[in-house]
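The values are calculated or read from the model by the stated rules, or taken from the named source; none is laboratory data. Computed from a predicted structure; not experimentally measured. For neighbour counting, all protein chains shown are included, and Cβ atoms are generated from backbone atoms with ideal geometry for every residue, glycine included. The accessibility values were calculated without ligands, DNA or RNA, using every heavy atom of the protein model including side chains. Shrake-Rupley method; radii C 1.70, N 1.55, O 1.52, S 1.80 Å.
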Amino acid sequence: RQGIGEPSVYHAVVVIFLEFFAWGLLTTPMLTVLHQTFPQHTFLMNGLIHGVKGLLSFLSAPLIGALSDVWGRKSFLLLTVFFTCAPIPLMKISPWWYFAVISMSGVFAVTFSVIFAYVADITQEHERSTAYGLVSATFAASLVTSPAIGAYLSQAYGDTLVVVLASGVALLDIAFILLAVPESLPEEMRPVSWGAPISWEQADPFASLRKVGQDSTVLLICITVFLSYLPEAGQYSSFFLYLRQVIGFSSETVAAFIGVVGILSILAQTVVLGILMRSIGNKNTILLGLGFQILQLAWYGFGSQPWMMWAAGAVAAMSSITFPAISAMVSRNADPDQQGVVQGMITGIRGLCNGLGPALYGFVFYLFHVELNEMAEVETLGKASKPNMANPTDESSIIPGPPFLFGACSVLLSLLVALFIPEHNLALRSGSHKKHSNGAQAHTHSPQAGGSDGKEPLLEDSSV
């Protein structure tokens, strides 16, 4: 194997940490560049940029997941990390090109899809929920210190140094994948060779969703993911900007907020997640996470004081257990050679949310006239006033965060759908996939297990 040692979860953890650490460094400079580039309707333009990126991610995720099932994970880890980090150096070179490349990078911005498939290749079923929790916690950990470091360096030495440092971390990630990450997909799991054909159905995200619709359990899980991640995606794209401009947080306070919530999220996704999965089960853990998310979004929506944001942030950390629990449930019930397709499908739904969520949040902010004043003006006014309101007499002064209330309603629907997800009657299928001695046999016989090509459910009720 190329790389250092045997493939392990720690390889995946380092890849995720470095990628999002690089982007975390840019939190403060990106808010400045965004407002300088789009001084009018900043929330709306922010939503549209992230919206295009998310929609492209949705369209490409199933294809990349299916290709990684055939050609291996390492090459696609390299591809997704490279293109996801490609916009970083452009921030200081040309802001317009920076935002344009961010939008276009969505085609390959599906690192989590490949990472979860990588982890599934090298872990047993009973280990998978813990491993997914570790990966998600690493994502949170990368955002604990990097925004604070970026804010300090930006204030002390300027944004240019921060962009150079972030570019260096991204290059380090690429070098780590090239030199240290071994391939996780065994040869016998791959169809024939690199020349194995990929059907249009595998590349078509809508065909993947239609296939999901044939399995009622997967359909319920996917609806749950869509309704719960839609507000999360919108919140993630605009929340730091919201804290800075609407609540009146300074850049240092925003960095501290990210750090505290990140630390709590790490604890939630490692210690708390493991305890909950063992004590109350997979499904009840998902329901509990959704309940915390509803409370968090409602608090953000009505909260107008800094202390309210801090309290809601603590609740947000507990809501972070939802997606690792969902990923574990899906992966536990998928065939070994279908892990990339399944995780690509879920990541594709998240990608669709990454497109619709930011655009929706930006549009709702625009409808409620939540606009920005000059950055310096916000810094001098501080927390005592609300410089964001274009018209202090309109309804936005009564409901500071209207998009968050919409998000709370969406997650409530998600919770109701999740109640119908079966937990105890799902089992890993023992069909012909696991018994093939080589990739050619797997490729030949896999359609027979489902009765017809393209109609085999990814998850199956054990009672059938």
Review point. Do you know which residues across the stretch 325-378 are closer than 19 Å to His35 by Cα, open to solvent by less than 40 Å² (accessible area, probe 1.4 Å) and modelled with pLDDT of 65 or more?
Key: Pro358, Ala359, Tyr361, Gly362, Val364, Phe365
Review point. Of the residues that sit in the stretch 299-310 and are part of a helix (DSSP H, G or I) and open to solvent by less than 30 Å² (accessible area, probe 1.4 Å), which one is farthest from Leu267 (Cα to Cα)?
Key: Gly301
Practice item. Within the stretch 11-32, track down each residue that is out of contact with any Leu (no Cβ under 8 Å at 6 or more places or on another chain), open to solvent by less than 10 Å² (accessible area, probe 1.4 Å) and within 15 Å of Pro87 (Cα to Cα). Key: Glu19, Ala22, Leu26, Pro29
Exercise for review: Examine the stretch 148-156 for a residue that is under 30 Å from Met329 (Cβ atoms) and either in contact (Cβ under 8 Å) with a residue 12 or more places away in the chain or hydrophobic (A, V, I, L, M, F, W, C) (or both), and state whether such a residue exists.
Suggested key: no
Check your understanding: Of the conditions (1) at pLDDT 85 or above; (2) open to solvent by less than 50 Å² (accessible area, probe 1.4 Å); (3) within 23 Å of Ala166 (Cβ to Cβ), Ser75 fails just one. Which one is it?
Key -> (3)
Exercise for review: Tell me, please, whether a residue that is over 23 Å from Leu415 (Cα atoms), of a type in the set (Val, Ile, Thr), at pLDDT 80 or above and not assigned by the TED database to the domain that holds Phe21 can be found in the stretch 239-257.
Suggested key: yes
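Has the stretch 50-65 got at least one residue that is of a type in the set (D, E, K, R) and under 26 Å from Leu367 (Cβ atoms)?
Step one: list which residues in the stretch 50-65 are of a type in the set (D, E, K, R), which gives 53.
Retained after the next criterion (residues that are under 26 Å from Leu367 (Cβ atoms)): 53.
Within the stretch 50-65, one or more residues are of a type in the set (D, E, K, R) and under 26 Å from Leu367 (Cβ atoms).
In the stretch 219-272, what residues are of a type in the set (Asp, Glu) and either over 18 Å from Thr32 (Cα atoms) or open to solvent by less than 10 Å² (accessible area, probe 1.4 Å) (or both)?
At the first step, the residues of the stretch 219-272 found to be of a type in the set (Asp, Glu) are 232, 252.
The one that is of a type in the set (Asp, Glu) and either over 18 Å from Thr32 (Cα atoms) or open to solvent by less than 10 Å² (accessible area, probe 1.4 Å) (or both): Glu232.
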Point to revise | Filter result (modelled with pLDDT of 80 or more, over 18 Å from the mean Cα position of the chain (by Cα) and outside any helix (DSSP H, G or I)) within the stretch 5-37 | key: Glu6, Pro7, Ser8
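Looking at the stretch 85-115, which of the residues that are part of a loop (DSSP other than H, G, I, E, B) and modelled with pLDDT of 85 or more is surrounded by the fewest Cβ atoms within 10 Å (Cβ to Cβ)? Steps first, answer last, please.
Of all residues in the stretch 85-115, those part of a loop (DSSP other than H, G, I, E, B) come to 86-89, 94, 108-110.
Then drop every residue that is not modelled with pLDDT of 85 or more, which leaves 86-89, 94.
Working: Ala86: 16, Pro87: 21, Ile88: 25, Pro89: 17, Ser94: 12.
Selected residue: Ser94.
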